[in-house]
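The values are calculated or read from the model by the stated rules, or taken from the named source; none is laboratory data. It should be emphasised that the depicted structure is a prediction, and the values quoted were computed from it without experimental measurement. Here the Cβ positions follow ideal geometry from the backbone for every residue, glycine too, while neighbour counts run over all protein chains shown.
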Amino acid sequence: MGNEQRAAKSALKEAQLLATAISSTVRSDFKKEYKIFEANLAARVKNAENAIIDAARTKEAIIAGVITMRKQLDKAQRRFTRNSNSDELKEVLLEIAEGLSRLKVANQKVAQSLSFVINPTYSAVDLVEKFTLAMQVNSAGWESDARNLDANLFELSNDNSPSEMDDLQNYIATQGYDVLIAGDDRTSKGIKIAKEKLGIQSSSSDESE
């Protein structure tokens, strides 16, 4: 293995280390932010679940209470139809009104308990936006590391011709070998052809002749 290959392989190790570090950083940042996002999203559902179940239980009780009061009212009305005892009907109506008032208060509490589900501090959409924003913030660091990696690879991608080749070409050009190759044809055309054979670039003065 030549010196160029050894130098390239040695320099590429740094690029490989940079690539590994970038992958590790991205993986670590993503895992951390995803864990937070997952926990917050699960809490959003869990808290909503508790409130919704409690609300459903209370609503069932309210409905049962209303059904009972309606039966009491129907029964009182039938008795009133038979005996025209308005005092008894009034008493039942006042009891029902009082009961409805209590049920309304209970229903208001249900609405209050559900308000944070309907208008949470962070909705599921907010949590997704927070997660994507965190990823964008972290990605600024990832991009910086990636630029360093690209810069490292660009530096190693030297497409210039080896100096040894240029030195040999220049040496041939300055030693007058074009005259040797031209042989007996020392005309400007002959010299030009000889230079072309040697890969020597003709000067502007040669081309003007």
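Brief remarks on what is shown
- Of the residues making up the stretch 158-170, at least one is among the acidic types (D, E), surrounded by 11 or more Cβ atoms within 10 Å (Cβ to Cβ) and closer than 30 Å to A7 by Cα.
Let's see how each residue does on (1) among the aliphatic types (A, V, I, L, M); (2) over 31 Å from the mean Cα position of the chain (by Cα):
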residue: R102; (1), (2): no, yes
residue: A134; (1), (2): yes, no
residue: N138; (1), (2): no, no
residue: F154; (1), (2): no, no
residue: Q169; (1), (2): no, yes
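- Any pair with Cβ under 8 angstrom, 6 or more apart, that starts in the stretch 48-66 at a residue that is modelled with pLDDT of 95 or more and loosely packed, with under 14 Cβ neighbours inside 10 Å and ends at one that is polar (S, T, N, Q) and in a helix (DSSP H, G or I): none
- Every pair of residues 6+ apart whose Cβ atoms lie under 9 Å, when the first sits in the stretch 125-150 and is farther than 15 Å from I36 by Cα while the second is charged (D, E, K, R) and assigned to a helix (DSSP H, G or I): S139/D29; G141/D29; W142/D29
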